[in-house]
Amino acid sequence: MQFPVPVPPVRRFISAADEVSVRSGISVHVRQQHGHYIWAAARTQGERVLGIRSGAMEPTACGANRGKLLNEMHDAVRLLRGSNQVDIFCTSEDTAESLRQLGLAVSAFYPPVAAITAMDDAVRSCVDSLFTAVEIATDASRGRGSRWVGHGWVLTFAGSVGPVLGYKAVDVGNVLEGELRALRFALLAARSAYTGALDGRSAVTVSTDSQLALRMLLQQGFEPPSSNGRCASEVLRIRELTKHADVHFRWVKGHSGDPLNTFADRMAVLARRCREAGLSPEETDRLAAAVREEAECQLLSSHVALAA
């Protein structure tokens, strides 16, 4: 009996990973993150990155069917391509089809590895640029004879990211403890909004209208008569949160017209009163949403006025 004799394949086998790694051309990527469309385009040749472009645009500025955003990406591809004809790749088939409608011959193949890495780095850098500076205002509220302490905070960012307002009510503690706890809640909210906020990538300014809370944070060993063990614990937790942060604590006079302090106070009072009234979380969220909408209009308009 004669057995078949193995012969070399007609065409050399090339793995999918190898094929993707040697592709060359221009790759495009877009991601919706932190209230923006963030895009990147990279021209690569094998493992070499020959050029890269990136940008960010708020959804309200994108126009109908994201037309302005797509035109911006289209222009970036043309700049990277120059007079050469190169392959164009895209990480999303929906985006690829939209770019085809603008006249770009986008391939159905996946972008090369070098382009994916370069575009991810560009997107991260673009996100970082939205959070170069973070301003935080906090406040606490406790009514007479009430066991509830309300906490409120407002965060604004330098890179055209909308303000973040938060609130929480706790049924323990005096006003000083509440002021310190509000500071901690706000710092955690900043880190949640942007992971680099407390590791030195952002310049963070934190405002409070409590001089006692500020002195406890900044003066080692200072303990006013209203302090207790929970206050000391909050100070330690805040210091631990901010030990790697570029943070500046400052005092502002309460109820003096500072818009961030005003909205932080409103959120703190809302949190306390809603718990005192026994409102459901859904009802509380509905009331808080109205304050957020007002804050967005007022704070964004004030930023536009300052920029002008």
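The values are calculated or read from the model by the stated rules, or taken from the named source; none is laboratory data. Remember, predicted model here, so these are calculated numbers, not experimental data. Glycine also receives a Cβ, built like all others from the backbone with ideal geometry; neighbour counts cover every protein chain displayed. Heads up: the accessible areas ignore ligands, DNA and RNA and are worked out on the full protein's heavy atoms, side chains in. Shrake-Rupley method; radii C 1.70, N 1.55, O 1.52, S 1.80 Å.
What accessible surface, in Å², does a 1.4 Å probe find on GLU135, ignoring ligands, DNA and RNA and rounding to the nearest 10?
The accessible area of GLU135 comes to roughly 70 Å².
Counting only residues 5 or more places away or on other chains, whose amide H sits under 5 Å from the amide H of ILE88 once H atoms are built in the peptide plane?
Correct list: ILE26, SER107.
At 1.4 Å probe size, with the rest of the protein present, what percent of the exposed accessible area of the stretch 79-136 is carbon and sulfur atoms?
Solvent-exposed carbon and sulfur of the stretch 79-136 make up 50 percent of the total.
Can you tell me the length gained on complete extension of the stretch ASP121 to SER256, counting 0.36 nm per residue apart and subtracting the Cα distance?
Extending this stretch completely gives an extra 44.3 nm.
Taking only Cα atoms and a 10 Å spring cutoff, compute GNM fluctuations for the chain and point out the largest among VAL235, VAL247, VAL22.
VAL22
Can you give the accessible area of CYS62, probe radius 1.4 Å, in Å² rounded to 10?
So the heavy atoms of CYS62 present about 0 Å² to solvent.
Would you tally the net charge around LYS68, using a Cβ to Cβ cut-off of less than 13 Å, leaving LYS68 out, and scoring K and R as +1, D and E as -1? Intermediate results must be reported in sequence, preceding the final value.
Working: positive: ARG66; negative: GLU58, GLU72, ASP75.
After counting each charged neighbour, the total is -2.
Under the Karplus relation 6.51 cos²θ - 1.76 cosθ + 1.60, θ = phi - 60°, what is the ordered set of whole-Hz ³J(HN,Hα) values for the stretch 115-130, x standing for Gly and Pro?
So the Karplus estimates, Gly and Pro as x, are 5, 4, 5, 5, 5, 4, 5, 5, 5, 4, 5, 5, 4, 4, 5, 7 Hz.
Mind computing the radius of gyration and Dmax over the alpha-carbon atoms of the stretch 133-214? Å is fine for both.
Answer for the stretch 133-214, Rg first and Dmax second: 13.2, 43 Å.
Could you report the stretch 26-123's accessible area per residue, 1.4 Å probe, as an integer in Å²?
Values: 4990 Å² over 98 residues.
That works out to 51 Å² per residue.
Of GLY257, GLY82, LEU214, which is farthest on the positive side of the dipole of the chain, counting Cα position, with +1 on Lys and Arg Cβ, -1 on Asp and Glu Cβ, and the Cα centre as origin?
LEU214
Taking Cα atoms, how many degrees apart are the long axis of helix 229-241 and the longest axis of the chain, rounded to 10 and kept between 0 and 90?
Computed tilt is about 30 degrees.
Residue by residue, what Karplus-based ³J(HN,Hα) values in Hz, rounded to whole numbers, does the stretch 168-185 have, using 6.51, -1.76 and 1.60 with θ = phi - 60° and x for Gly and Pro?
With the stated coefficients, the stretch 168-185 comes to 6, 10, 10, 9, 7, x, 8, 5, 4, 4, x, 4, 5, 5, 4, 4, 5, 4 Hz.
Could you check the simple spin-label distance between PHE222 and VAL113, using points 7 Å along Cα→Cβ, in nm with one decimal?
5.6 nm
Give the calculated FRET efficiency between ASN71 and GLU240 to the nearest 0.05, with a Förster radius of 45 Å applied to their Cβ-Cβ distance. Write out the running numbers ahead of the final one.
Numbers: r = 47 Å, r/R0 = 1.04.
Efficiency at R0 = 45 Å is approximately 0.45.
Among ASN65, VAL172, CYS126, which residue has its Cα positioned farthest towards the positive end of the charge dipole of the chain, with +1 placed on the Cβ of Lys and Arg, -1 on the Cβ of Asp and Glu, and the dipole taken about the Cα centre?
Projecting each Cα onto the dipole axis, the largest value belongs to VAL172.
Could you pull out every one of the aspartates and glutamates with an alpha carbon less than 15 Å from that of LYS253, ignoring same-chain neighbours closer than 8 positions?
ASP139, GLU179, ASP209, ASP265
Quick one: with all protein chains in place, what share of the accessible area of the stretch 181-301 is carbon or sulfur, to the nearest percent (1.4 Å probe)?
Numbers: 3180 of 6310 Å².
The nonpolar share, carbon plus sulfur, comes to 51 percent.
Suppose the chain between LEU50 and VAL175 were pulled fully straight at 0.36 nm per residue; how much longer would it get relative to their current alpha carbon spacing?
Values: separation 125, 0.36 × 125 = 45.00 nm, distance 5.81 nm.
Gain on stretching LEU50 to VAL175: 39.2 nm.
Using Cα springs under 10 Å in a Gaussian network model of the chain, which residue among THR44, THR138, THR60 shows the largest mean-square fluctuation?
The residue with the greatest mean-square fluctuation here is THR60.
At 10 °C and 1.306 mPa s, grab the translational diffusion coefficient of the chain from Stokes-Einstein with a Kirkwood Rh over Cα pairs, rounded to a whole number in µm² per second. If you can, show how the numbers build up before the last one.
Values: Rh = 22.8 Å.
Approximately 70 µm²/s, per Stokes-Einstein.
Could you work out which residue, out of SER54, SER83, SER226, moves most in a Gaussian network model of the chain, that is, has the largest mean-square fluctuation with Cα springs under 10 Å?
SER83
The stretch 172-250 to the stretch 82-122: how many Å between their Cα centroids?
A separation of 46 Å, based on Cα centres.
Run the numbers for SER233 and ALA64: contour at 0.36 nm per residue of separation, minus the present Cα-Cα distance, in nm. Walk me through the intermediate numbers first.
Details: separation 169, 0.36 × 169 = 60.84 nm, distance 5.15 nm.
Using 0.36 nm per residue and subtracting the Cα-Cα distance, I get 55.7 nm.
Counting alpha carbon pairs within less than 8 Å and at least 6 residues apart, what relative contact order, in whole percent, applies to the chain?
16 percent.
Rounded to the nearest 10 Å², what accessible area does ARG292 have for a 1.4 Å probe in the complete protein model?
80 Å²
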